[in-house]
Amino acid sequence: MTSCAVKEGASRYIDGAITRFDQKNEMFNRPFWDPAFKDLYQRFYMDTVPPKNLPGYDLHDQALVNAAWHLESHYAHGTNSGNHGVYAWDWTRRFDYPRVPSGLKIPAEHPEEITPYIKSAAAFFGASLVGMCELDRRWLYSKSYKKDPNGGTSEALQIPEPFKWAIAVAVEMDYGGVGCAPASPASAATGLGYSKMAFTTGLLAQFIRGLGYQAIPCGNDTALSIPIAIDAGLGEMARNGLLVTPGFGPRVRLAKILTDLPLIPDQPIEFGVWDFCMICEKCAKKCPSRSLPLGPPHSTPNNISNREGVHIWHINAETCLPFWAQNGTDCSVCIRVCPFNKPPGILHDLVRRGIKNLPWLNRWFLWGDDVMGYGKKKSARRFW
Ligand code: SF4
Ligand code: SF4
């Protein structure tokens, strides 16, 4: 990929007309309104999952999943329509402690001075990665969708013009938990990621409000997280339909904050993921539901849960989610097996540098990944 294309951020993947995505069409919402997935509503959202006498599926494992999701499920709802709990869009009450007088505002003229404060605060509140970009309004949902057992409700989404910037936040998922995918420790890693997303962005939004500006913290709601994260320089698009980051690969959860606080944007990055995915098909070959494509990327969506007008590897969410329901977990096999999913270390960092700078050795790096046995499923016994 040329450096000019990389500078375009997420626009580098666009090859046709795109319209804003309707959140209703996101796969987790379709069981609420799409007759084709009526049975999935029952199986995925309503049925309980009795523990099994199997490592990774027993009561300890499932209790861990429930606990990891607790903050997200009860105080945030970042997988729903937005503007709930920790993800509230404003803060009308007085600050409690320490008391901050209302009406104070830092000057907006020097974004180069305030941007490092925002990055430090994000890290302090728990972000593993943070980046800034100008908000590209094509990534905002056209409508939000509020899940409801009676069918859900759609609402046109309007984000006022002064919200010109976005802060992309990534939180690392637990390596050991993801290593057990598709068993429950991986679901716990996912749930903990969602709870941390809410905690981190909710507090960071409150920090921005304390500086005198507006902030909308979002989980999966309100806008597409991946293109914002690409624009903000956090990573690249990959075959598994996820953002791959330099330090954690796809083993992150993404959130964002929209704000009227002027910030210095980060530069989009490229470190060899696209070229590596061209020769590596591990995620597609290992996907239990065959929901990831083999071969080169293309521009044809599989169904309404994909975006039109983008040249990427389109995942088939219509077959992915039923596997989750069948297995009783959130899967994550496509994260576990990805060669970029490794913690930092001398050897891993050397290979990452090789993938970036010596792409003609990619087949050799891939062979080495197989020989070393990376990406194999770990027993949940080792997790505990
Ligand atoms: S989450 Fe699992 S089923 Fe879904 S695409 Fe990834 S590997 Fe396949
Ligand atoms: S497993 Fe291979 S093909 Fe899939 S996202 Fe990772 S690097 Fe790309």
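The figures follow:
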| quantity | calculated |
| --- | --- |
| Phi to ³J(HN,Hα) by Karplus 6.51 cos²θ - 1.76 cosθ + 1.60 over the range 121-135, Hz, x for Gly, Pro | 5, 4, 5, 4, 7, x, 6, 7, 9, 8, x, 10, 7, 6, 6 |
| Simple Cβ-charge dipole of the range 106-258, Lys/Arg +1 and Asp/Glu -1, about Cα centre, in debye nearest 20 | 400 debye |
| Net charge over other residues, Cβ less than 12 angstrom from the Cβ of H311 (K, R count +1; D, E count -1) | 0 |
| Candidates A170, A127, A156, ranked by Gaussian network fluctuation over the chain, Cα under 10 Å, top entry | A156 |
| Calculated from backbone phi, Karplus (6.51, -1.76, 1.60) coupling profile of the range 252-260 in Hz, x at Gly/Pro | 9, 10, 10, 9, 7, 10, 9, 8, 9 |
| Distance (nanometres) between label positions extended 7 Å along Cα→Cβ at E112 and D39 | 6.2 nm |
| Relative contact order [Cα under 8 Å, 6+ residues apart], the range 13-382, whole percent | 22 percent |
| Ellipticity estimate at 222 nm from DSSP helix runs (n ≥ 4, -39,500 (n - 2.57)) divided over the chain, nearest 500 | -10000 deg cm²/dmol |
| Within the chain: Cβ-based charge dipole about Cα centre, in debye rounded to nearest 20 (Lys, Arg +1; Asp, Glu -1) | 840 debye |
| Amide H contacts under 5 Å for V252, placed H, 5+ residues apart | M173 |
| Per DSSP, loop trypsin sites (Lys or Arg not before Pro) in the range 26-60 with at most 16 further Cβ within 10 Å | K52 |
| Under 13 Å, Cβ to Cβ, from Q62 - net charge with Lys/Arg +1 and Asp/Glu -1 | -2 |
| Dipole in debye (nearest 20) - the range 10-166, about Cα centre, beta carbon charges: Lys, Arg +1; Asp, Glu -1 | 240 debye |
| Between the range 341-384 and the range 168-227, the alpha-carbon center distance in angstrom | 25 Å |
| Pairwise label distance in nanometres, L347 with H70, each label 7 Å out on the Cα-Cβ vector | 3.8 nm |
| Percent carbon-and-sulfur accessible area, the chain, ignoring ligands, DNA and RNA, probe 1.4 Å | 58 percent |
| Over 16 Å [Cα-Cα, the range 297-348], rounded percent | 60 percent |
| Charge sum, other residues only, whose C-beta stays under 12 Å from V178's C-beta, Lys/Arg counted +1 and Asp/Glu -1 | +3 |
| Rounded to whole Hz, the Karplus (6.51, -1.76, 1.60) HN-Hα couplings of the range 205-217, x for glycine and proline | 4, 5, 4, 5, 5, x, 8, x, 10, 8, 8, 10, x |
| Solvent-accessible heavy-atom area per residue, rounded to whole Å², over the chain at 1.4 Å | 47 Å² |
| Euclidean distance between Cα centres, the range 47-81 to the range 103-160, Å | 27 Å |
| Rg over Rh, two decimals, the range 13-382 (C-alpha only, Kirkwood Rh) | 0.96 |
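The values are calculated or read from the model by the stated rules, or taken from the named source; none is laboratory data. As the structure is a computational prediction, the values presented were derived from the model and not from experiment. Reconstructed Cβ throughout: ideal geometry from the backbone, glycine too, with neighbour counts over all protein chains shown. Keep in mind that these areas ignore ligands, DNA and RNA; they rest on the heavy atoms of the full protein, side chains included. Shrake-Rupley method; radii C 1.70, N 1.55, O 1.52, S 1.80 Å.
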